[in-house]
Amino acid sequence: MTVELRELASLAELKEAETLQQRVWGEGDKPDNSDIMLAIQHEGGLVAGAFAEGRMLGFLFAFPSATPGVQHSHRLAVLPEARGMRLGARLKWFQRDWGLARGVRLVRWTYDPIRAVNAGLNIAGLGAVSTTYHCDYYGEMEGINAGLPSDRIVADWHLEAPGVAARADGARPAPPEGARIAIPRDIDALIAADPQAALAARLALRDALLSAFSEGRGIIGFDTRTAEYVIG
């Protein structure tokens, strides 16, 4: 299957992105509005999609920050039936090329640190790092994010860092040396089976990362084999 990665080119495609967001995150999680995305796109933001046979399978939305050369990446979504095609990673590498061509050197975004799939993409796959933790960042959430405090960490993706550049060229570096912090391999399954155990895992990870960050250490890697963050 041939996949095309490109910026969205019409209001109809922006509205299709709204529908895609609802399918990925659930009806209770309101999507980013097509009118807002259109305005931000016209002001230098990135609204991109992954298309196959004319259908949007993935979506990425990012916009300039208050700091020149720094972009905030707000949304990344891939339809469930398209998982396994590495569309999330392919959209991020499209974003890197797009940003570097426009003077962007750092991309930041938040993600849920207890989701091993996201850690595998953001930290292991893309080479992002983190030193910032937000407790219950969005407050109570619905959809697939329901059930736990909405803790988030900030991923810092330095587009010209050696590890990032190596990954862009196809390298898959081994996890670096450092202290390890384990997370559940499948937090959604744990929430369904044992909500209290899932909450305990969230709070334990919160305490461990807050402690590390307060000591001047940060996330420098993620071991996908063991579902462990590497701290250094």
Fill in the blank from the handout: Helix 87-100: inclination vs the chain longest Cα principal axis, degrees, rounded to 10, gives 70
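When the helix-only estimate is applied to the chain (DSSP H runs of n ≥ 4, each -39,500 (n - 2.57), divided by the residue count), what is the mean residue ellipticity at 222 nm, nearest 500 deg cm²/dmol? Kindly include the intermediate steps, with their values, before the conclusion.
Values: 7 runs with 76 residues, N = 232.
It comes out at -10000 deg cm²/dmol, rounded to the nearest 500.
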Completion exercise
Length gained, ALA52-ALA12, 0.36 nm per residue minus C-alpha separation, equals 12.8 nm
Problem - Spin-label model distance (nm) - GLU160 vs TRP93, 7 Å beyond Cα toward Cβ - result: 2.2
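If you place +1 on the Cβ of every Lys and Arg, -1 on the Cβ of every Asp and Glu, and leave all else neutral, what size is the dipole of the range 1-91 about its Cα centre, to the nearest 20 Debye? Intermediate results must be reported in sequence, preceding the final value.
On the way: 9 positive and 12 negative charges, 65 e Å.
Dipole of the range 1-91, to the nearest 20 debye: 320 debye.
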Problem - Approximate spin-label separation GLU4-ILE36, in nm, with each point projected 7 Å along Cα-to-Cβ - result: 2.8
Fill in the blank from the handout: Taking N as the number of residues in the range 1-119, the ratio of its alpha carbon radius of gyration to 2.2 N^0.38 Å works out to 1.01
Exercise for the section: Place the peptides 116-129, 176-189 in order of packing, highest mean first, counting for every residue the other Cβ atoms within 10 Å and averaging per peptide. Expected result: 116-129, 176-189
Fill in the blank from the handout: Once phi for every residue in the range 177-182 is put through the Karplus expression 6.51 cos²θ - 1.76 cosθ + 1.60 (θ = phi - 60°), the whole-Hz ³J(HN,Hα) values, with Gly and Pro written as x, are 7, x, 5, 10, 10, 7
Exercise for the section: Scan the range 56-150 for GluC sites (Glu not before Pro) in coil per DSSP, keeping those whose Cβ has at most 13 other Cβ atoms within 10 Å, and list them by number. Expected result: GLU140, GLU142
Problem - Percent RCO, i.e. relative contact order, over the range 2-122, from Cα pairs under 8 Å lying at least 6 residues apart - result: 22
Practice task
Along Cα→Cβ, 7 Å out, is where each label goes; now give me the distance between the ones at ARG180 and LEU199 in nm to one decimal.
Solution key: 2.9
Problem - Dipole in debye (nearest 20) - the chain, about Cα centre, beta carbon charges: Lys, Arg +1; Asp, Glu -1 - result: 620
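Leaving out ligands, DNA and RNA, what percent of the accessible area of the chain is carbon and sulfur, probe 1.4 Å? Before the final figure, lay out the partial values.
Values: 5860 of 11070 Å².
Using a 1.4 Å probe with all protein chains present, the chain comes out at 53 percent carbon and sulfur.
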Practice task
Mind checking the full-extension length gain between ASP207 and THR19? Use 0.36 nm per residue of separation minus the Cα-Cα distance, one decimal, nm.
Solution key: 64.0 nm
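Which FRET efficiency, nearest 0.05, do ARG102 and THR131 yield, Cβ-Cβ r, R0 45 Å? Could the numbers behind the result be given before it?
Working: r = 26 Å, r/R0 = 0.57.
The pair ARG102/THR131 has a calculated efficiency of 0.95.
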Fill in the blank from the handout: Relative to the chain, whose Cα atoms define the longest principal axis, helix 11-25 and its Cα axis are tilted in degrees, nearest 10, by 20
Exercise for the section: Would you grab the residues whose amide H sits under 5 Å from the one on THR132? Only those 5+ places off in sequence or on another chain, please, with H modelled 1.01 Å from N. Expected result: VAL154
Exercise for the section: May I ask which residue of LEU106, MET85, GLN95 lies farthest towards the positive end of the charge dipole of the range 76-117, with charges of +1 (Lys, Arg) and -1 (Asp, Glu) on Cβ and the Cα centre as origin? Expected result: LEU106
Handout entry: Cα centroid separation - the range 74-136 against the range 176-207, whole Å
Key = 20
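The values are calculated or read from the model by the stated rules, or taken from the named source; none is laboratory data. The shown structure was predicted, so the numbers you read here are calculated from the model rather than taken from an experiment. Note that we place each Cβ from the backbone using ideal geometry, even for glycine, and neighbour counts take in every protein chain shown. Side chains are part of the model used for accessible areas, which takes the heavy atoms of the whole protein and leaves out ligands, DNA and RNA. Shrake-Rupley method; radii C 1.70, N 1.55, O 1.52, S 1.80 Å.
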